[in-house]
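Following: one structure in structure tokens, then a few remarks.
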Amino acid sequence: MLLAPIDWACIFAFFAVSLIVGLAVARQAGKSSSEFFLSGRDMPWWLLGMSMVATTFSTDTPNLVTDLVRQNGVAGNWAWWAFLLTGMLTVFVYAKLWRRSKVLTDIEFYEIRYSGRSAAFLRGFRSLYLGVFFNIMVMAMVSLAAIKIGGVMLNLSPMQTIAIAAVVTVVFSALGGLRGVLLTDFLLFIIAMAGAVAAAVVAVRHEAVGGLANLLDHAAVQGKLSILPPFDFSTQESRNLLVSVFMIPLAVQWWSVWYPGAEPGGGGYIAQRMLAAKNEKHAVGATFFFNVAHYALRPWPWIIVALASLVVFPTLDSLRQAFPNVDPSIVRHDLAYPAMLTFLPPGLLGVVLASLIAAYMSTISTHLNWGSSYVVNDFYKRFVNPQASEKAQVRVGRISTVLMMVAAAVLALALENAVQAFQILLQVGAGTGLIFILRWFWWRINAWSEITAMVVSFLVACWFQFAHGRLGLPVLESWQTLVLGVAITTAAWLLVTFLTRPTERRTLVDFYRLVRPGGPGWAAVVRDAAFQADATESDPLAWDVPRGILCMVLGCIVVYASLFAIGSWIYANYAPAVILTVVAVVAAGLLIKVWSRLRME
């Protein structure tokens, strides 16, 4: 494609603003590790919430949604919609606990919750396992999407796209720290959302589509429109679809799988944002705003473009013929999203390209800052140089930022499609989620529990990815390997929990006093002499988790009803649209009433 001068102006204007923000806060960000990684712990809920949304509004997300819709219909999005349950549980149960912990990173949590060398090992190992390995995998997914967009829209080779994207993003990320990320994320989200809506409008107006009504009536999309999968058990294919995209995500996946941005119990860059909040109320408000915007407001523009792509590019062959210069190995269904963007007119094309660049930079800059916080705080300072000055920590953080970006760029060149990487990440994290939920409310979980879960889940993922098929064993569906991974990993860490010594009692007492989780799972600790010696709480086991779970349920109803109501309005199904809108409003009213009774500081 040839960009008009106005398109280049939009792109360069965006780069200029990002650079100005990075330069403006660079000096402040370099003062200390707390400033570089947590913005001084004084951020408001709306800015943190916007940043969370912008981070998950990545270049690979619309590609992933397009991939799911083209293969499994709109209902295929339940593969990630189910994570709303995880998100709402984090909002109303875990956000305030994270803020009370006062740690710099969620990995630091291990040495306030567990004790001994096993806790130190867990902190050091996971700082590299998550901050480097997992983090690089996610950034590679995002960069793969950038490669496809660069190839389709700008006729760039994968190497050219990666080189440009990496240099620009690394410079921005290394300058401003988290404060720079948060401030630019506010602008990035607005640009990215405007670009997504614009892309949907242009897609619907394509001459082959002929408007929204024609799109919904077109034979190519008729079988793809249902928000719920067909409850049809008549064929193996229909059973697998129902189980894989709906039943397993809602019954198993949301609580059992660790996935970046949707960690059971909170974690990763979501925890980083909560730790940067002014107080518990701002931490809860930020995560609630994120979940509403992420699941209810954003999906439909992407879905509309995906549906329109089925009309314009009905097959992979049609995509290959339309873009002969794109490497055939990466022509998969997720390529259809950037393919649809090639029909944008001058001016609007520049805005949408800027929005995609904004989405890319937002996600990558967050992951670079978050990952380098693990490397610096939980590995370098903890094990390599405990006496490191604040400036030395910032310097190491900036160096690790560059190195992680290089590694992610190399890995991106080896991936082929978004769903492939998505499934790999789900499998590697299968079975670890439950432990991240229970460790706050059951004193018996120890460091060896988490070490076991991490090792076993990784080995099981490697087995299914590399060994299972080569040994001639029966081929399993992705949901079957997920369930087996969850079962094996959960059984392993539960067994190890009861076979190993519990965390030292003094550590448990100190953790309980700091975080105040409450509940029957801590009764043995509260009855301990070390706790009773200076007990000040009138009811140390009091907890409002039941009320938090009620808020979680009401929050899920609000978001799902809003999501389906928007879809029904788009589909012109007015009776369901009105009913779902009323349900969302009523549930929101009840949520506000119950939410006001939650104990927060």
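Numerical summary
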quantity	calculated
Near pairs, Cβ below 7 angstrom, 6+ apart or cross-chain, from segment 219-235 (exposed (fewer than 11 other Cβ atoms within 10 Å of the Cβ)) to any residue that is at pLDDT 90 or above	GLY223/GLY73
Residue satisfying condition, being hydrophobic (A, V, I, L, M, F, W, C), within 24 Å of the chain's Cα centre (by Cα), crowded, with 19+ Cβ neighbours inside 10 Å and farther than 23 Å from ASP327 by Cβ, within set LEU144, LEU182, LEU187	LEU182
Residue check, SER400 crowded, with 17+ Cβ neighbours inside 10 Å, at pLDDT 80 or above and under 30 Å from ARG239 (Cα atoms)	no
Among (1) modelled with pLDDT of 85 or more; (2) within 22 Å of the chain's Cα centre (by Cα), the one test that GLN321 misses	(2)
Helices (runs of 4 or more DSSP H) contained entirely in segment 325-419, each with at least 1 residues that are of a type in the set (D, E, K, R) and more than 22 Å from the chain's Cα centre (by Cα)	390-412
Residue check for ALA200: modelled with pLDDT under 80 and crowded, with 22+ Cβ neighbours inside 10 Å	no
Leading residue by the ranking (farthest from PRO328 (Cα to Cα)) among those in segment 371-395 that are aliphatic (A, V, I, L, M) and surrounded by fewer than 20 Cβ atoms within 10 Å (Cβ to Cβ)	ALA388
Only one of LEU598, LEU550, LEU541 that is modelled with pLDDT of 90 or more and of a type outside the set (D, E, K, R)	LEU550
Members of segment 249-274 found to be surrounded by fewer than 24 Cβ atoms within 10 Å (Cβ to Cβ) and in a helix (DSSP H, G or I), listed by number	PRO249, LEU250, ALA251, VAL252, TRP254, TRP255
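The values are calculated or read from the model by the stated rules, or taken from the named source; none is laboratory data. Only a predicted model underlies this, so the values are computations on that prediction, with no experimental measurement involved. Positions of Cβ are generated from backbone atoms using ideal geometry, with glycine treated the same way; all protein chains shown enter the neighbour counts.
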